[in-house]
Every structure is written in C-alpha cells, then in structure tokens.
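A short reminder: the numbers here are calculations on the coordinates, not readings from a lab. All of these numbers come straight from a predicted model, not from anything done at the bench. Every residue, glycine among them, receives a Cβ derived from its backbone with ideal geometry; neighbour counts consider all protein chains shown.
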Amino acid sequence: MHRILPLALCLLLLSGLSGCHRDKVYRIGISQCSQDDWRTKMNDEINREIMLHKDAVVEIRSADDSSARQIDDIRYFVQNGFDILIVSPNEAAALTPVIDEVYKAGIPVVIFDRNINSRSYTARIGADDEGTGRAAARYAMHLLGGKARAIEISGLRGSTPAAARHRGFVRELESAGGTLLASAPGNWNKEDAVPVVDSLLSIHPETNLIYAHNDRMAIGASEVARRLGRDDIKIIGIDAAPDIGIRAVADGIIDATFLYPTEGHRLVRTALAILKHEPYERETILPVSSAVDRSNADILLRQNEMLKEETRKIELLKTRIDLFQAEYSAQKSLLYAGIAIILLLCGVGFLLLRAWWQHSRHQKELMQQNRLLEEERDKQKRLNEQLENATQSKLMFFTNVSHDLCTPLTLISEPVAQLAAADNLTPQQHTLMKIAEKNVRILRRLIDQILDFRKYENGKLEVHRSEVDFNQCIREWMESFHAVACKRGIKLELEAPAAGQSLPLAIDVEKIERVFFNLLSNALKYTPRNGSITVRCRCDARQLTFEVADTGEGISEHDIGNIFDRFYQADRIHPRGSGIGLSLAKAFVELHGGTISVESQLHKGARFTVTLPVRHVAPATTETGAEDVDSATGQHNVEAEFETIDDHTSFDADKPIILVIDDNRDIRLLIKELMSADYNILTASNGREGVRLAARYVPDLVICDVMMPVMDGLECCRRIKNELSTSHIPVLMLTACSMDEQRAQGYDSGADGYLSKPFSSAVLKSRCASLIANRKRIRELWSSSLPAGGRKQERPTSGPNAPAGDRTTNSTTASSPCSRRRWGMPT
Ligand code: FRU
C-alpha cells in the first residue's frame, strides 16, 4: 500500500493541474469620476467587450464627482495589484499627482474622456470637445438665423472638457456674429444648473439660446425656461445618451444634442494591447458627430431599442455559453478525475496482483522448504532410530558381556582377595595383589553400572526406600574422601547442618550413595592440586538439596548440555570413565522423583546440584534391599581407587633408568613392580611432566602411553627426540591403540618401538633390555671412533645434562651430584 499512495497523489495532482490550468488573466481597473446615463452606457460597452476577452477582467469604481474619492479608488487598484488603470479624472489639477505617481511606478494608465495636466499616461482616448463646442455654435447660428444671443452653462471648472467646449463655442459663435451673453458653471448637474439658468435669464432676458455642456444641465435649463414661459429660447445640450438626451430631443424638451462618443470597447482593446505589448494609439481623439434633433431623434431611439434588444440576446447567449462552459469544465474535471481513478485502480490492481503472485510464490517456496524439512526430519528420525537401535544393541551386548563377566570376575575376585590377605607376600607381591584387587573392584563396579543402567532403561530398576538421617549419611560418605583429598592437596569441605542435627527422609541409600560417590569422585578427578571441593547440604520441609562444587577444569558450554547423556565423553581423546556414571546418577535421582543439574564454566569449576523430595516410610516398610552396598567388595573404597604410588626415592645408581609416562597410576605401578628389580623407575602422569623428567634425569629408556591428558604421548615423544640432550633416548610407545595407523603415527613422532596393551611382562622386559643394549652398543661404537680428547669433551661425567649412558656403564660416576642427589628429589 505504501507504493499506491504516492501514485494516487501524483495522479490526483496531475488531474488537478490539468483541470486548474489557466492562462494569465489581466485585471483592469476602471475609475469613473461620475455616475450618470452617459457613463452607464459606456460601462455597458466595457462589460460587453470584456465578455469577448477570456484573459481579462474589469472592476469599475465610480467617484460620484468627488476628486478625493477618485484618488482613493486609484490607490485601491494599485494596492490590489491591478495590471492597468483606465481613469476619467474628475478634476485635472486634483488628479494629476496621483496619476503621475502610478504611471511612474510602472503601472500603465489610460486616460479617457477628461484629461490631466501632464503627459503621465500610457494612452489617452478623448473626444474633440473644442470641435463639439464649435459644432454647437454653428448649429445655434443656423437655428436662430445668425442672431444667436446665448448663455452658456458649463461643466465643472477644472475639468478639461468644460474648458474646451467653452473655447470652441465662443470662438465659432463670435466669428459667426452671435453673442455670448453670459457663461456660468453648472458642474455637470441639473441641480446645480437650474438656479444658474434662473438667475442668468433674469439678468439677460434677451437670451434666445441656452448652450449647456451636457444634456442633464440642458434639461434643467429647459424646465426653467418653460417655467418662465420662455418657449422661444432654443436649448442645445451635449452627450446624446439615448435615454436622456435623445429622449429629451424626441420629446421636444430640448432642441438638439451632440453625440459625445463613449466607445467603451475601444478602452478595453487599448488596455489589452498595452498589456500584451501589441501596437496601440497613444493619443486617440474621437471625431464630432452631427447634431441629434427632431429630424433623427426617433430613429436613433428606435435603433437604440434594437441595440438594447440585441444586447439582451447577446447577454442571454453569454449566460448560456457561461453555463455550457461551466458544465464543460465540470465534465472535463470529472473526466480527468475518472481517468485518475481508473489509473489508480489499475495501479492498485497491479500491485494486488503482484502481491498475490509474490505471496503464492513465497507460499510455494515455503511448502518446498517444509517438504525438505519434513524429509530431513524423517531422515533424522530414521537415523535416530538406527542410533537408538545401535545403542540398544550396544547396551544389550554390554549387558550380555557383563553378565558373562560376572561369574569369572567373582572367581577372580575371591582368590585375589584371599591372596592379597596372605601374610607371606613380599612387598612387591603385596603391591601387585593390591593392583589386581583394586582393578577387580573397578571392573565389578563398571559391570554393576552397566547392569543397573540396563535395568533402568527397561524400567526394572526399583527404589528401596528406608528412613535415614541424611546429615549422618553425608558425613560418613565424606569420611572416605578426606584422606584422598588430603593426599592430592585438595581442600575438601562440608557445609551442612551441625553434626547430630538429623535430616530424616526415606531414600534408597545405596543408590544415593552411588550418586554422591560419582559426583565426588569426578570432582576429585578433575580438580588440580591446591583446588577445593565443597559439599553443601540443606533441607526444608519439602526437599533436600546437596551440592558438590569444585574449582577444577569445569565443563565447556558445548558439553554441559550432554553431560548426563549415556556414554557421553566430554573429552573423547582422553576419556576418563565409561561415560555412564553421570547418566546412571541422573537415573537414580529421577527414580527418587528428584533432579540433578550442573552449572559450570570452563576452567572455573563445576557445581552439581541434586534435589530429592522429602518423603518418609513407616519403619515397618523399611527395606534394606538386595542392592545395598556390598561392603565385602569394598566398592566405595575411595582410598584404594585414588592411591598414589609414584615414589622416586629408592633409586640404585648401578641400574639403568626407565621413565614410565602413563596417566594410569596402576600401569605405572605395575611396570614399576615388574621392572624395579633391574631398573630405576621414574614415573610421570602426563606428557609434559614426562618431557620435564626426561630433560632432568636423561633416562636410558622412556616407556610412554599415547593417550594422556595435558600432553599426549606422540607430542611427548616428538619433544624428547627434538631436544638435543634427550634425543638419543630410545622411546617405547605403550598403548591400547593397536591400529596400524596409530602405530605409524607413533613411529613418525620418533618412537623406537611399539608395544600394545595388554602386554606381556616378558615381552616388555626383553624389549626394554634390547633397546637399552642397542643404544649402548651404538654409543660404544660412536665413542671408539672419536679421538680421545673429543671423547672426553663429548661425554661429561657430571652435571645436569650428563648422558644417561655414563650412569649405566660407569657405576663409579653414579654417586656424582647429578645422579643420586637428584634421584632422591621428589617429582
Ligand atoms: C458625464 C459627463 C458628461 C460630459 C462629460 C464630460 O459625467 O458630465 O455629461 O459630457 O462628463 O466629461
């Protein structure tokens, strides 16, 4: 719609413009000095003429014989922006200044009838007043047989026709032998003329002719003469306006009158010629006509009547034409408006059509996208189903394998437990048995988790609630972690109601203990030395909440959403568990009607929160259940699980050094136990620590795991080989990754040998021995080919970077500061 509005406005504007467009219309201001029949006739002529000119309008103002008023009328025209002024000045002297002013201001002025005392006008149209006076005198002499004794009633003194008419009459009369007895002004009015005639006739009774400068004054003179019984006096007037002068002649009131031309049409034409810059006459003097007397007055009156009739018809026609014109322009406007509306409708229609077309195209696109999305969704659904099936198969497989493992595991665990408890074991055997015992325990827990998880998935995992004091429980559970935390330099704190303040509720103790164990084990696993773990516990009437918050590695934003998913491993490269511990914890909590959630930021720690609804069971229904903690197996023997065995204090300077780098403490412990009879064993739990120890102790051999946190085995091997002081040390990669590609990567990083887990201790021992012997042979060969001085220089026997070969081949140097002293330092 926002495009239609401007279009509509444009169209309407266009139609409006075409309807309203007009050429310039000239405004003509006409200032009449007086209002009488003669001027009425002139004004009619002006109005008729203006009808023929569409481009002009007139406004006629009359000053009613007042010069002051006429000055005001002229100013009115100027102030209202009239294009031209036509003025018949009442008195020449009074009107000349204002006309001068207007003319000099650039407004064209046409003077007509009466004149001014300057030439400040654009054009002048006047009658031959002097000639008219002469004609009147001639006619009088003719009428009175050459013996005219006349009195003159003149127009307003100061108006130019009065002076000219007097001049012409006197000159002609006197030259023809007539006599002008007296002359007095009648001011162009009958009222002013009557008393003047009265008094002049009483002074000059011999008068036989009255010459009046217009018909009105002549009629007044006639009335006086009749009243005095002076029918002998001949009366002549001027103007011959039909309804006064000619009628007076026809009725015998006066004897003759002389036509004073009006020619209103000429005034309009001259004014328009001036305005349109067309040629015009600057001075136009209209000629004198012959006298109107009894011989022609009737005809002239009839002609005048006919003229009036024609004028009426013309006016009627004009009215009709105006009407047609108005109708025409209304219809034209209607037509334009119609066209505009049609165009507008077409525009609107077009836009609607386009909008509909765009909408349907959009609709089609959306449908297509929907179809694609649906296909994608179906595909995703199928994939999910496949994934779920695969997971189920995997779970089924794990479950079956777990079931299968249960019996042999029990058969292993029992003998191992008994052997571990035997009194006659050497310390080495005791350590090995402890490793075996612990790993049997781990294996058993994993199997239990898988079986529990399967049960949960199948809805067969039951909750066996019993009334417990949670405050006491959590304190007991915490006990087993204190020693481990202390050993690892981690601050472990409990924020709970004071000891002895009971928090009674009914829970499946074994399951909630496993949840707690899982959360706290994870916290211990991921919290570095000097970190802290805080366990908080609070309870109200409706729910119990406990939190395990640590300052460890934290969980990334990406992992946090999946952390409770089964088999989810945040670190796929270095997995630190089976991936079902947390999902099983969630399952256990949810079985209680509770919730488990996590908040964490990477490198800033994590906080797991468990809520459990407070419920109670009658003591009679309290069940211990078949799934209670198997204390016999020591399933939650935390200390055993987090046992640290790295100890570098008992090195023998006569034995070669082997550095074992593996993140699994048990592997480190196992290798140490297997090899410590023949070698000094250094251990490191990640690649970075391994590189550091290798540079510091320059061992004779490095046994290195591949997948480790902080720095993996490949990078560790590469660094050892790139460092000048350690580059000669043979590296044996020991890993569970047995694929060829992984082996190739190991060799690419500079490894000298590769051994897959699980390994045989015999193979490990012989590989280690052969690698060390080979390296020794090469060194001996290399040293014998060097000059004695050079050898001395190349093989320093002391100092931090003394080659390990010196320590193994020359035991007398083993007591040097860089051997025993440093071997005794803790790592
Ligand atoms: C009309 C009139 C005429 C006369 C003319 C002179 O106002 O008085 O009667 O002829 O003016 O200007």
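For Lys24, the aspartates and glutamates whose Cα comes closer than 20 Å to its Cα, not counting residues fewer than 8 places off in the same chain, are Glu49, Asp55, Glu59, Asp83, Glu278, Asp322.
Order 372-379, 49-56, 663-670 from most to least packed using the mean count of other Cβ atoms within 10 Å.
663-670, 49-56, 372-379
Once you reduce segment 182-203 and segment 486-538 to the center of their Cα atoms, the two points are 142 Å from each other. A straight chain from Asp654 to Asn384 at 0.36 nm per residue would run longer than the Cα-Cα distance by 91.0 nm. Within the shell defined by Cβ-Cβ distances under 13 Å, the residues around Asp232 carry a net charge of +2, with Lys and Arg each +1 and Asp and Glu each -1.
Approximating the spin labels as points 7 Å out from Cα along Cα→Cβ, the Asn296-to-Leu316 distance works out to 3.1 nm. Partner lysines whose Cα lies under 21 Å from the Cα of Lys721, excluding those fewer than 8 positions away in the same chain, are identified as Lys776. Multiplying the residue separation of Ser597 and Ala541 by 0.36 nm and subtracting their alpha-carbon distance yields 18.1 nm. Past 22 Å, Cα to Cα: identify those pairs from Lys455/Lys757; Lys438/Lys487; Lys41/Lys318; Lys434/Lys491, in the order given. Listed pairs above 22 Å: Lys455/Lys757; Lys434/Lys491.
In this rough spin-label picture, where each label sits 7 Å from Cα along the Cβ direction, the Ile203-Leu443 distance is 16.7 nm.
How much FRET efficiency would the formula 1/(1 + (r/R0)^6) give for Gln79 and Asp55, where r is the Cβ-Cβ distance and R0 is 25 Å, rounded to 0.05? Don't skip to the end; give the middle numbers.
Working: r = 23 Å, r/R0 = 0.90.
Once rounded, the FRET efficiency stands at 0.65.
Going from the residue with the fewest nearby Cβ atoms within 10 Å to the one with the most, Thr262, Thr534 rank Thr534, Thr262. Straight-line reach from Lys586: which aspartates and glutamates fall under 13 Å, measuring Cα to Cα and dropping same-chain residues less than 8 apart? The qualifying aspartates and glutamates are Asp452, Glu457, Glu513, Asp565. When the label point is put 7 Å from the Cα of Phe397 along its Cα-to-beta-carbon vector, which residues of segment 757-774 have a backbone N closer than 13 Å? The answer is none, because no backbone nitrogen lies closer than 13 Å to the label point. For segment 140-211, the square roots of the Cα gyration tensor eigenvalues, ordered a ≥ b ≥ c, give a/c of at least 1.5 with a/b no greater than b/c, which places it in the oblate category. Residue ranges 134-141, 592-599, 357-364 sort as 134-141, 592-599, 357-364 when ordered by packing (mean number of other C-beta atoms within 10 Å per residue, highest first).
Once a ≥ b ≥ c are taken as the square roots of the eigenvalues of the Cα gyration tensor of segment 469-610, is the result rounded (a/c under 1.5), prolate (a/b larger than b/c) or oblate (a/b not larger than b/c)? Each step should come with its number before you reach the end.
Details: a/c = 1.87, a/b = 1.27, b/c = 1.47.
Cα axes put segment 469-610 in the oblate bin.
Between Lys147 and Arg48, the C-beta separation translates, for a Förster distance of 60 Å, into a calculated FRET efficiency of about 0.85.
Ranked by how many other Cβ atoms sit within 10 Å of their own Cβ, fewest first, the residues Ser154, Ser749, Ser333 fall in the order Ser333, Ser749, Ser154.
Distance from the Cα centroid of segment 223-280 to that of segment 362-407 is 120 Å (rounded to whole angstrom). Per-residue packing, averaged as other Cβ atoms within 10 Å, sorts the ranges 30-38, 428-436, 119-127, 493-501 into the order 30-38, 119-127, 428-436, 493-501, beginning with the highest.
Fewest first, what order do His464, His265 take by the number of other Cβ atoms within 10 Å? Please list the in-between numbers first.
Values: His464 19, His265 15.
Taking fewest neighbouring Cβ atoms as first place, the list is His265, His464.
Cβ-Cβ distance of His430 and Glu375, R₀ of 56 Å, FRET efficiency by 1/(1 + (r/R0)^6): the value works out to about 0.30.
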